[in-house]
1. Give the stretch 16-25 a look and list any residue that's surrounded by fewer than 24 Cβ atoms within 10 Å (Cβ to Cβ) and touching a Lys or Arg at 6+ places or on another chain (Cβ under 9 Å), or say none.
2. Considering only residues that are open to solvent by less than 30 Å² (accessible area, probe 1.4 Å) and in a helix (DSSP H, G or I), look in the stretch 414-433 and name the one that is farthest from VAL206 (Cα to Cα).
3. With the requirement that a residue be open to solvent by 50 Å² or more (accessible area, probe 1.4 Å) and either under 15 Å from TYR3 (Cα atoms) or polar (S, T, N, Q) (or both), what does the stretch 96-114 give you?
4. Among the residues of the stretch 229-270, what is the count of those that are crowded, with 20+ Cβ neighbours inside 10 Å, under 19 Å from THR194 (Cβ atoms) and of a type outside the set (Val, Ile, Thr)?
5. I'd like the full set of residues that are under 12 Å from SER178 (Cβ atoms) and of a type in the set (Gly, Ala, Ser), limited to the stretch 198-247.
6. Looking only at the stretch 445-455, decide whether some residue is in contact with a strand residue (DSSP E or B) (Cβ under 9 Å, 6 or more places away or on another chain) and surrounded by fewer than 18 Cβ atoms within 10 Å (Cβ to Cβ).
7. Among the residues of the stretch 69-80, is there at least one that is open to solvent by 20 Å² or more (accessible area, probe 1.4 Å), in a helix (DSSP H, G or I) and either within 20 Å of SER10 (Cβ to Cβ) or of a type in the set (Asp, Glu) (or both)?
8. What do you reckon, is THR394 open to solvent by less than 40 Å² (accessible area, probe 1.4 Å) and either at pLDDT 95 or above or of a type outside the set (Val, Ile, Thr) (or both)?
Amino acid sequence: MAYDVVVLGSGPGGYVAAIRAAQLGFKTAIIEKENLGGICLNWGCIPTKALLKSAQVMDYINHAKDFGIEASGKHDFAAVVKRSRGAADKMSKGVQFLMKKNKIDVVMGFGKLKAKGQIEVTAADGSKQLVEGKHIILATGGRSRELPALKQDGKKIIGYREAMVLPEQPKSIIVVGSGAIGVEFGYFYNSMGTKVTIVEFLPRIVPVEDEDISKELEKQFKKKGIDVLTNAEVTKVDTSGNGVKATVKTANGEITLEADIVLSAVGVAANIEGIGLEETGVKTEKGKISVDKYYQTNVPGIYAIGDCVPGQALAHVASKEGIICVENIGYNEKKYNHQPEALDYGNVPGCTYCTPEVASVGLTEKQAKDAGYDIKVGKFPLTASGKAVGAGHTEGFVKVVFDAKYGEWLGTHMIGYNVTEIIIETVVARKLETTYHEVLNSIHPHPTISESVKDAIEVAYGEAIHL
C-alpha cells in the first residue's frame, strides 16, 4: 500500500491535512486507531458543546421567570449525555463522508513509524500491515495530562473523557485546573445541579486570559454558587471511601475537600509514545515533536502538526498547520504554485464556551505594557449593550488594546453573551493591519453584541457615544 501522503491521526489536524493533500492531487491515506475525527469530534470540542448547550437550556429554565415565562425544569442526565454522544457520532460520520468524497483511503489501527517512508499499522484484532508514504504527517494529538498526585483511575479521579459520559450525575465534584476544559465542565455540572469546587494552582482562573477577564469570570462563577480556590494545589487524594477526600494546600494552610469525584483538567500531554520516533530518529523537546515553520521534522519526509508539536493545543490551530504543511509539500512537489505563509501564532483566537463565554486574541493589557507599548485601552460593559439587555445577558464586557503611537490593534479580550462568534473581527483586522480609524468608520449593525467592539474602541479613543 504505497501513497504520496500518509497522515497518522484523523483529528481536526489530520483529516484536514488529508483532504488538502487529496485536493492537490496526492494519493492519500489516513490512519486512525479509534474514531474518525479524533478527540475533537468524538471526545472534545463537539460533544462538550452539546453538553454546554444542555446546561444553557437548564439555566434558561431555572431563570424563566426573568423572561416572563413559567417553566419548571427537570433533567434526565443520561439523556443529556446521549444527546452529546449523538452530536459526536454525527460529526464523525461526516468525516467518513469527506474521506470517501475525496477518495482518501482509511486504514484503521495503531500506526508506528518503521523505516523511512513506512508505517506499520496494528489493527484491533492484532493483524499488521505496512503502509508506505513518500510524505508522512504525524497528527497524533494529545490526551489529558496527569499529575503525580492525581493519577486517574477513570472512576473517582477522572479526565475529560470520563467527565462526558458519567453513568450518573455526581452530587459534588472537584475540578482541578481552570483552563478551558476545567471551567467548561465546572459550568456544565454546576448548571445541572452538581456542587462544584474549582482548584487552581495559579493566582487566577483562566490564567492565560487578560486579568480583567479572570476577575469577571470568577465573579460570575461565584454568583452561580461555584466555589473557586486560587493559589491552591491538590497534594493528595484519598479514594478509599465512598467518595474522595482531597488535601489542598492553600495560602492559609492545608484544607480537606470532600466530593463524589475529582476531575483532573490540568492540561494536555502530546501522544508521542510508541509511534516510532526513537526508531526513526525524530527529535522531540519537552514532550513535543520538534518542527520547522512548515512542520518538517529533522527527518526528511516526516512532518508533525497539532497537539503533538509546540504551539496552542487548539483544533483550529491544528487544521491550519495541516493545510500549511501540505501546501508546502505541494509547493516542493510542483503541485501548488506558491509557498504558503507561515502561521502567526500571535494572532490565534482562543475561545472558552462556559457561560459567560470568553474569547480573546493578541496581547493582554499587561503583555502590551511589558512589551514596551504606550497603549490605549477601551472597555465597554455589556450592561450598556441593547442586544445584551434584550437577551437578559448583561454580564461581561469587551476590552480592546491599541498601540497609542500608530493605532495598531494589539489585542481584544471579551467575556459575555455569544462573544466567541465575534472575536474573528479582531483576527481579520489584525491580519489586515487595520487601525482603530478603519474600524470606527465601518458601520456595525445595531443591536448586536458585535457593535460592542466598536463601542470599546470609541472608549479607548475618548469618543464614547453609548457610555
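1. Scanning the stretch 16-25 gives ILE19, ALA22, LEU24, GLY25.
2. Taking the candidates together, the pick is ALA429.
3. Selection gives GLN96, LYS103, ASP105, VAL106.
4. 6
5. Selection gives SER214, ALA232.
6. No, there is no match, as no residue in the stretch 445-455 is in contact with a strand residue (DSSP E or B) (Cβ under 9 Å, 6 or more places away or on another chain) and surrounded by fewer than 18 Cβ atoms within 10 Å (Cβ to Cβ).
7. no
8. no
The values are calculated or read from the model by the stated rules, or taken from the named source; none is laboratory data. Just so we're clear, the structure is a prediction, and the values are computed from it rather than from any experiment. No Cβ is skipped: glycine too gets one built from the backbone with ideal geometry, and neighbour counts run over all protein chains shown. Just the protein is used for accessible areas: all its heavy atoms, side chains included, with ligands, DNA and RNA removed. Shrake-Rupley method; radii C 1.70, N 1.55, O 1.52, S 1.80 Å.
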